[in-house]
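These notes are about the structure you will find just below.
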Amino acid sequence: MAERIYINNDWKYLDSFKDNELFETATWRDAADVRIPHTVKEVPFHYFDEKEYQKIAAYQKILSCPKEWEGKRILLTFDGVAHDSKVFVNGKCAGAHHCGYTAFTVDITDYINIGNDNEIVVVVDSNETLNIPPFGFVIDYMTYGGIYRDVYIDVKEQSYIKDVFVKTRVAREGKQSATDCQITIANPGKNISIRQYIKKYGATEEYIKLDKEYDVQDEMLEASQNTGKVELWDIDNPNLYIIKTELIRDGKCIDEKEIRFGYRKAVFHADGFYLNGKKLKIRGLNRHQSYAYVGYAMPKSMQELDADILKKELGLNAVRTSHYPQSHHFIDRCDELGLLVFTEIPGWQHIGDEQWKNQAVENTRDMILQYRNHTSIVLWGVRINESVDDDEFYLRTNAVAHELDPTRQTGGVRCYKKGSLLEDVYTYNDFSHTGNNEGCEKKMAVSPDNNKPYLVSEYNGHMYPCKAYDWEEHRREHAMRHANVLDSVAKTPGIAGSFGWCMFDYNTHKDFGSGDRICYHGVMDMFRNPKMAAYVYACQQEESPVLELSSSMDIGEHPGSNRGDIYIFTNAESVKMYKNDTFIKEYTASDSKYKNLQHGPIRINDYIGSALEENENMSHSQAEAVKELLNEAARSGLYGLSKQMYLKAAGLVVRYHMKMTDAVELYNKYIGDWGGTSTAYRFEAIRNGEVVKELVIKPMSSWSINAAIDHDVLKEQESYDVAAIRINAVDENNNILHFFNDPVEIAATGPIEIIGPKVVSLQGGMGGTYIKTTGEAGEGSVVIKGMNGMHKSIQIKVEV
């Protein structure tokens, strides 16, 4: 039987070397010990030169090949090496690969010495001068370098199952569904047949044997099996199955391959996207696969975490893997969560020469072959992102996609209208929204064929960058622009959905970003802390209650001390507002102007006037007048005229014959008292008559460090494990302190180590760090504390 062995540990790494000494023992004597995933250069958080990771480096692994491998096929697979790589076994070149975003397998059977140690050397070129996608011109993201995805060995018989492509035929409501498996056999011999089994993924039951068996005559065969009634895969119930294919010779199983898949029908029509016959508006974000400090080099747990954040925290139903195929661990998790995926070939705007194009076509082939069993993938991107039309080139990429996967449609991302449409879906980056206009363009104005499907693949992004520490109006505008586009897309006919740019901030080249090598286009920061815009998306999910406000209610933050519009972000049925424990108003979802969103932002409007009418028994006209006088008293107080003098001279006391004490009491009740009792606002989110979340906003009197770890039991499986820690500076009511940019100190003890610096400065009251396992077991802890020593530290305990 086949055996898979992960070989992510015990590698040697050379940052530089001489070609004529690469295979000499002395060359590797002082090389660094590393584990995979690995980056050729850990970089600072910001302000670094992208040339730091551009180099030709080398890795060495000593592989022991036991005598039991005699007569077997030994296959060495790299899931991702950035960007051009050559593999040497015992000094001989066994294979090469010219794409940093797809896997490749080298058959090393004829290069190894059975019963002995064997030297594997991988030379990795991460220079951005390579004549392969995405290189050739400027790129709006860092590309990093290294062996940054898993490496493993498969030990096979001479005849083995090379590939199984599972295609499903879905009957209505899953009745009488079937699978059609395209099975590829390496080195088929005599007396070989195929036998298949199926079971529900995650079920405790044994496999069920399928009826038909097939004799193997050629390298490729089609195996069709009736699977009866099945549970369909969708975004709410992502039911998955496993089909096991056995290769039988003389009655004995000599190889098997398990493929996880789901039964679903996903199709783009002219009027929108349909999943299992039901129309669904796609709501997603674009994701890069990068992280602070280590670039692409993160293991399974971090890949899965991003999918969890997209689905569970941001309430999305889709993601676009911009601008390249991403980790199978990430896509696997999308399969499990019911998160739709639009994935695409590597590239950014530039189209190179014929050699470059040929590699892009090969990348298309690799992407389809390697990812087509992922049920979550519903669209293949077969154009270079935002590139110009090149019909000859893109006829080839479309043809490859349709040949290798006739079950899915193709798209290709453009940033211009009425382009040549060779794909099945016209996918367009709509950057038309500028804050005070319609959120998106109409399909007819963009697509060359109104009878073809249409999808918005990016919006916002560079149109309105936003840092976590920007002033409040800027952060609010960033959030409202995302709400505007989502609402507009939801109501506009013929748009299948949209992908916002983007999930989180990321490192980018000198030609982009804010000059510090960071592109601040995310609805989250680089450590996946939410900015205000994230709450627009988070409100669209129902599992966890959301209640956030667009303002800290500090008037000094605003020009003329005018807070402007204030919005509630919530997924509750209603929100009750209190000021100094006085009930002001209850807001409901129907109060939102965003009528096409399930839970749109709700503007806090006229709460003083409403409260005066309800609490003080005033008429509407009187309440309006008193409200204006109270607000004017507040403004005058900022510029030297006391509120008492204003109220006496021009307001309530004179016009309404009110006692000064009563006028001041009204003022303090609804506006606040400078120099007196602090104003406290309290908001209660109500669902099914119960308070599900509370938000208290008042001037802070103390601050502390809050830190949340994504998982505190770390497990080493194929490689080391990593946990993400998101760090916030908060007040006593757990509100983020958006202008807290002080440093914090991080220390780790036990069988863990910190990735990145031990001292980090928070930005906008937010930051983070990562801890990784070291190969040992035991208990560990992370201590995070403010640098001035005045505030007690926070400790996170972990188990490895």
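Calculate for the chain the 222 nm mean residue ellipticity that helices alone would give, adding -39,500 (n - 2.57) per DSSP H run of length 4 or more and normalising by residue count, nearest 500 deg cm²/dmol. Value at 222 nm, helices only, nearest 500: -5000 deg cm²/dmol. Partner aspartates and glutamates whose Cα lies under 13 Å from the Cα of K792, excluding those fewer than 8 positions away in the same chain, are identified as E745. Take the Cα radius of gyration of the chain and divide it by 2.2 N^0.38 Å, N being the number of residues; the result is 1.07. With axes computed from alpha carbons, what is the tilt in degrees of helix 472-491 against the longest principal axis of the chain, rounded to the nearest 10 within 0 to 90? That works out to roughly 60 degrees.
Here the 3J(HN,Hα) profile of segment 514-520, calculated from phi with Karplus coefficients 6.51, -1.76 and 1.60 at θ = phi - 60°, is 9, x, 10, 6, 10, 9, 8 Hz, Gly and Pro shown as x. Its residue count N fixes a reference of 2.2 N^0.38 Å for segment 87-143, and the Cα radius of gyration divided by that reference is 1.47. Among the GluC sites (Glu not before Pro) in segment 696-800, those placed in a DSSP loop whose Cβ has at most 12 other Cβ atoms within 10 Å are E732, E776. Expressed as a fraction of 2.2 N^0.38 Å, the value expected for a compact globular protein of N residues, the C-alpha radius of gyration of segment 311-398 is 1.15.
Relative to its Kirkwood radius, the Cα radius of gyration of segment 440-582 gives an Rg/Rh of 1.02. Show log10 I(q)/I(0) for segment 263-342 at q = 0.18, 0.26 Å⁻¹, two decimals, from a solvent-free Debye sum over equal Cα scatterers. Summing over Cα pairs of segment 263-342 leads to -0.75, -1.32. Taking one quarter of the surface of the convex hull spanned by the alpha-carbon atoms of segment 1-83 gives a direction-averaged projected area of 7.7 nm². Both radii are taken from the alpha-carbon atoms of segment 30-140; with Rh as the Kirkwood radius, Rg/Rh is 1.03.
On average, how much area does the Cα convex hull of segment 78-231 cover when viewed from any direction, in nm²?
On the way: hull surface 57.1 nm².
Reported value for the Cα convex hull: 14.3 nm².
Rolling a 1.4 Å probe over the protein heavy atoms of the chain, with every protein chain left in place, gives an accessible area that is 46 percent carbon and sulfur. Across segment 132-164, the residues whose backbone nitrogen lies under 17 Å from the label position 7 Å along the beta-carbon direction of E70 are 156-158.
Would you mind working out the accessible area per residue for segment 252-294, using a 1.4 Å probe, and quoting it in Å²?
For segment 252-294, the per-residue accessible area is 36 Å².
So how tilted is helix 620-638 from the main axis of the chain? Cα-based, degrees 0 to 90, rounded to 10. Once rounded, the angle reads 80 degrees.
Normalised per residue, the accessible area of segment 448-601 is 32 Å², obtained with a 1.4 Å probe and no contribution from ligands, DNA or RNA. Entry comment: accessible area of segment 49-206 is 39 Å² per residue, from protein heavy atoms only and a probe of 1.4 Å. Taking only the Cα atoms of segment 358-436, the radius of gyration and Dmax are 13.4, 45 Å.
Taking the longest Cα principal axis of the chain as reference, the axis of helix 660-670 is set at about 10 degrees.
Which entries of K265/K531; K265/K300; K18/K55; K61/K510; K593/K698; K265/K417 show an alpha-carbon separation above 24 angstrom in the structure shown? Intermediate values should be presented prior to the final figure.
Details: K265/K531 35 Å; K265/K300 28 Å; K18/K55 13 Å; K61/K510 35 Å; K593/K698 27 Å; K265/K417 29 Å.
Distance filter (> 24 Å) returns K265/K531; K265/K300; K61/K510; K593/K698; K265/K417.
The values are calculated or read from the model by the stated rules, or taken from the named source; none is laboratory data. Keep in mind the model is a prediction, meaning the values are calculated, not measured. As a convention, Cβ positions derive from the backbone with ideal geometry for all residues, glycine included, and neighbour counts pool all protein chains shown. The accessibility values were calculated without ligands, DNA or RNA, using every heavy atom of the protein model including side chains. Shrake-Rupley method; radii C 1.70, N 1.55, O 1.52, S 1.80 Å.
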